[in-house]
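What follows is a set of notes on a single structure, which appears directly below.
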Amino acid sequence: MTVVARPSQSASLLGGAISLPRNPCRHAPARHACPWTGEEGTAGTVAVVGAGKMGLPLCAQFASHGWRVIAVDVQPAVVAAINEGRSHVGEEPDLAELVSRAHAQGLLSATLDGGAAAREADVVVLIVPVMLDPDHQPDYRYMDAAVASITDGLHEGSTVIFETTLPIGDTRGRYLPRLVAGGLLADEQLFVAFSPERLFSGAALRNLNTYPKLVGGVGAPSTARAAAFYDGVLDAEIVAMSSAEAAEFSKLADTTYRDVNIALANEFARVADRVGVDVGEVIAAANSQPYSHVHVPGLGVGGHCIPVYPHFLLAGAPDLELVALARRVNDGQVGRAVRAVELAVGALVGQPILVLGLTYREGVKELAYSRAVPLIEHLMVAGARVLAYDPLLSDEEISRLGATPWRWGEPSAARVIVTQTADPTWRDLDPAWFPELAFLYDGRNSLAALPLPPGIGYQGVGLPPGARPRPAS
Ligand SMILES: NC(=O)c1ccc[n+]([C@@H]2O[C@H](COP(=O)([O-])OP(=O)(O)OC[C@H]3O[C@@H](n4cnc5c(N)ncnc54)[C@H](O)[C@@H]3O)[C@@H](O)[C@H]2O)c1
C-alpha cells in the first residue's frame with residue numbers, strides 16, 4: 001500500500017493542466033499555388049487581420065508551413081516591427097525566432113491596408129478583439145472596422161475565416177451579408193467560416209500544435225475550404241463541424257464552462273474558510289475521481305476570454321440563470337477579499353496597501369478585464385492608499401490604474417499586501433521590507449509556503465490561517 005498526502009495524479013486531471021503530447025510535423029514542403037484552391041500539398045497567400053498576441057503566432061505558424069503571410073494591423077508600430085522581422089509580442093516562447101525566420105525567407109510582411117492584403121490573399125483570417133460595452137453587450141467596433149477594411153479586396157475564390165470569438169449566429173447573420181455585398185456568391189465564389197481561437201497566451205505555438213482545430217462554415221463548401229487551409233498549416237487534428245453556429249457555440253461553451261466551474265470553486269472556497277480546511281487539498285482529492293475537474297478559486301477571472309464570453313451567450317439567451325450567477329460570483333471575489341482585509345486590520349482609511357500583480361494573470365502583459373482594476377478601486381473607495389507592483393508594467397502604466405508604483409525590494413510602510421496574480425517572483429518577497437506589515441491576503445493561493453514572522457496574519461482564498469501548511473523547514 002502507498003500512503004501519500006495528496007493524490008499524485010490530480011494535477012493531470014485538472015482541465016488546464018493537461019499537457020498534450022506534441023504532434024510531429026506531417027507536412028512535406030508545400031508547392032506554391034496561385035490561386036490556391038484547397039488542393040492538398042499546396043500553399044497560397046494568407047492575410048491575418050489583427051497581428052496581436054494571437055494574430056502574430058498565427059502568422060508565424062502559417063509561414064512555417066510555406067504560406068506567404070500578410071499581417072494587417074491598424075497600429076503603425078506593429079506593422080513596422082513585423083516589416084523589420086521583429087516580434088512585438090514578448091511573452092510567447094519561440095515566436096521571435098519564427099517571426100524573424102519567416103521575414104528573412106520573404107514569407108512574412110505587414111501592412112496597414114486591409115483591402116490590398118485581401119486582394120492579394122487566398123485566405124483572410126480575422127483575429128481582432130470583440131469586447132463588451134458598458135452594458136455587457138458585444139462591442140463590435142474593431143471587428144466591424146476590420147471586416148469593412150477587407151471587403152473591397154475580396155475576389156472570386158477568397159476564403160474568409162473568423163477566429164475571434166463571436167456570439168452564436170454572427171458569422172452568418174452579421175458578417176456574411178457584408179462580405180457578399182459586392183456580389184460574390186457564398187459557398188461558390190466566396191467561402192466563409194468560423195474557427196475559434198482557443199490558445200492560451202504564453203503557450204500559443206504549443207497549443208496550435210496540439211489543440212484540435214474546430215471549423216464550421218456557412219455551408220459545406222466553406223467548411224471544406226477552411227478545413228483544407230488548416231490541414232495544410234497545422235499539425236493538429238482538424239474537426240469539420242456541421243455549421244458556423246456549432247463552431248461559434250463550442251467556444252462559448254468551453255469558456256462559459258470554465259467560468260461556471262471557477263465560480264463553483266470560489267463557493268467551495270467559502271465553505272473551506274468556514275470549516276477551516278484548505279480548499280486546494282479538497283479539490284485535489286475530489287479531482288482524483290476522473291469525472292471531477294474542479295478548477296482553482298481566486299480573486300476572480302480576467303482577460304479577453306473567460307469573463308467576456310458568458311456575456312456573449314447571455315446576449316442571445318438572457319434567460320440563462322447559472323451563467324449569469326457564475327459571473328456575479330466571480331466578480332464578487334474582489335469585494336470578498338476587501339472585506340477579509342477589513343476584518344483583519346480594521347477600517348482601511350489612510351492605510352497603505354500594496355497590490356502585487358496587475359495584469360489579468362502572471363506572465364501576460366494584458367490588462368483587459370484584470371481584477372486588479374476593481375481591486376484598486378474598491379481599496380481606494382474604502383480609503384486605502386494603494387501601492388502596486390507588476391514586473392510587466394512600467395511606473396507610468398501602474399499610475400494610470402490609480403496606484404502609486406512600488407519598486408521591488410524598496411522599504412515600504414504597507415500594512416497589507418494583496419496578491420492579485422500568482423507570479424513566482426512573489427516567493428522571493430522579504431517581509432523585512434515591510435516593517436509595518438500586519439496582513440497578507442493571498443488572492444491566488446500562491447504564497448502558502450512563504451515564511452512570515454509571527455504577528456503577520458495570512459489568508460488565502462479557501463485557505464484560512466489555520467489550514468496554511470507549515471513552511472518546509
Ligand atoms: N489573448 C488571448 O489569450 C486569447 C486567447 C484565445 C482567443 N483569443 C481571441 O483572439 C482575439 C484577439 O486577441 P489578442 O489577444 O490577439 O488581442 P490583441 O489586443 O493582442 O491584438 C489585437 C490586434 O488587432 C489590431 N486591430 C484592432 N482593430 C483592427 C482593425 N480594424 N484592423 C486590423 N487590426 C486591428 C490591434 O491593433 C491589435 O494589434 C480575442 O478577441 C479572442 O477572440 C485571445
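Which one of these is under 24 Å from the mean Cα position of the chain (by Cα), within 26 Å of MET54 (Cα to Cα) and more than 16 Å from the ligand (Cβ to nearest atom): LEU401, LEU392, LEU375, LEU367?
On the way: LEU392 fails: more than 16 Å from the ligand (Cβ to nearest atom); LEU375 fails: within 26 Å of MET54 (Cα to Cα); LEU367 fails: more than 16 Å from the ligand (Cβ to nearest atom).
After ruling out the rest, the residue left standing is LEU401.
What helices (runs of 4 or more DSSP H), lying completely within region 1-112, carry at least 2 residues that are open to solvent by 30 Å² or more (accessible area, probe 1.4 Å)?
Working: elements: 10-13, 55-64, 76-83, 95-104.
Result: 10-13, 76-83, 95-104.
The residues listed here are LEU322, LEU379; of these, the one that is crowded, with 16+ Cβ neighbours inside 10 Å and either out of contact with any Asp or Glu (no Cβ under 9 Å at 6 or more places or on another chain) or not in a helix (DSSP H, G or I) (or both) is LEU379. Taken over region 19-48, residues that are of a type in the set (Val, Ile, Thr) and either over 13 Å from GLY157 (Cα atoms) or touching a Ser or Thr at 6+ places or on another chain (Cβ under 8 Å) (or both) amount to 2. Answer yes or no: is there a residue in region 431-446 that is surrounded by fewer than 19 Cβ atoms within 10 Å (Cβ to Cβ), without any contact (Cβ under 8 Å) to a residue 24 or more places away in the chain and among the hydrophobic types (A, V, I, L, M, F, W, C). Within region 431-446 (the criterion being surrounded by fewer than 19 Cβ atoms within 10 Å (Cβ to Cβ), without any contact (Cβ under 8 Å) to a residue 24 or more places away in the chain and among the hydrophobic types (A, V, I, L, M, F, W, C)), the answer is yes, since at least one residue qualifies.
Hey, any hits in region 344-361 for a residue that's part of a helix (DSSP H, G or I), more than 24 Å from ARG327 (Cα to Cα) and in the same structural domain as GLY302 (by TED's automatic domain parsing)?
yes
Could you grab me the full set of residues in region 114-133 that are more than 8 Å from the ligand (Cβ to nearest atom) and open to solvent by 10 Å² or more (accessible area, probe 1.4 Å)?
As a first pass, look at region 114-133 and keep what is more than 8 Å from the ligand (Cβ to nearest atom): 115-126, 132-133.
Of everything in region 114-133, those that are more than 8 Å from the ligand (Cβ to nearest atom) and open to solvent by 10 Å² or more (accessible area, probe 1.4 Å) turn out to be ALA116, ARG119, GLU120, ASP122, LEU132, ASP133.
Exactly one of (1) more than 20 Å from the chain's Cα centre (by Cα); (2) more than 20 Å from GLU248 (Cβ to Cβ); (3) not in a helix (DSSP H, G or I) is unmet by VAL341. Its number? Every listed condition holds for VAL341 apart from (3).
Can you go through ALA102, ALA148 and tell me which one is touching a helix residue (DSSP H, G or I) at 6+ places or on another chain (Cβ under 8 Å), near the ligand (Cβ under 10 Å from one of its atoms) and of a type outside the set (Asp, Glu)? Spell out the reasoning first.
Working: ALA102 fails: near the ligand (Cβ under 10 Å from one of its atoms).
Checking each option against the conditions leaves just ALA148.
The C-beta contact set for region 390-419 (first residue closer than 18 Å to SER370 by Cβ and assigned by TED's automatic domain parsing to the domain that holds ILE456, second residue aliphatic (A, V, I, L, M) and assigned to a helix (DSSP H, G or I), distance under 6 angstrom, 6+ apart or interchain) comprises LEU401/ILE376; GLY402/ILE376; ALA403/ILE376; PRO405/ILE398.
Quick one: how many residues across region 421-473 are over 22 Å from VAL373 (Cα atoms), assigned to a strand (DSSP E or B) and touching a strand residue (DSSP E or B) at 6+ places or on another chain (Cβ under 6 Å)? Qualifying residue count for the region: 2.
If you go through region 155-214, how many residues are within 10 Å of the ligand (Cβ to nearest atom) and open to solvent by 40 Å² or more (accessible area, probe 1.4 Å)?
Residues of region 155-214 that are within 10 Å of the ligand (Cβ to nearest atom), as a first pass: 162-166, 196-204, 207.
Going one step further and asking which of them are open to solvent by 40 Å² or more (accessible area, probe 1.4 Å), we end up with 198, 200.
Total meeting the criteria: 2.
Inspect all residues belonging to region 294-315 and state whether any of them is open to solvent by 40 Å² or more (accessible area, probe 1.4 Å), in contact (Cβ under 8 Å) with a residue 24 or more places away in the chain, farther than 27 Å from LYS53 by Cα and assigned by TED's automatic domain parsing to the domain that holds ALA368. No - not one qualifying residue is present in region 294-315.
The values are calculated or read from the model by the stated rules, or taken from the named source; none is laboratory data. Since this is a predicted model, take the numbers as computed values, not measurements. When we count neighbours, we look across all protein chains shown, and the Cβ atoms used for this are built from the backbone with ideal geometry, even at glycine. For the accessible areas, the whole protein counts, side chains as well, though only heavy atoms, and no ligand, DNA or RNA atoms are used. Shrake-Rupley method; radii C 1.70, N 1.55, O 1.52, S 1.80 Å.
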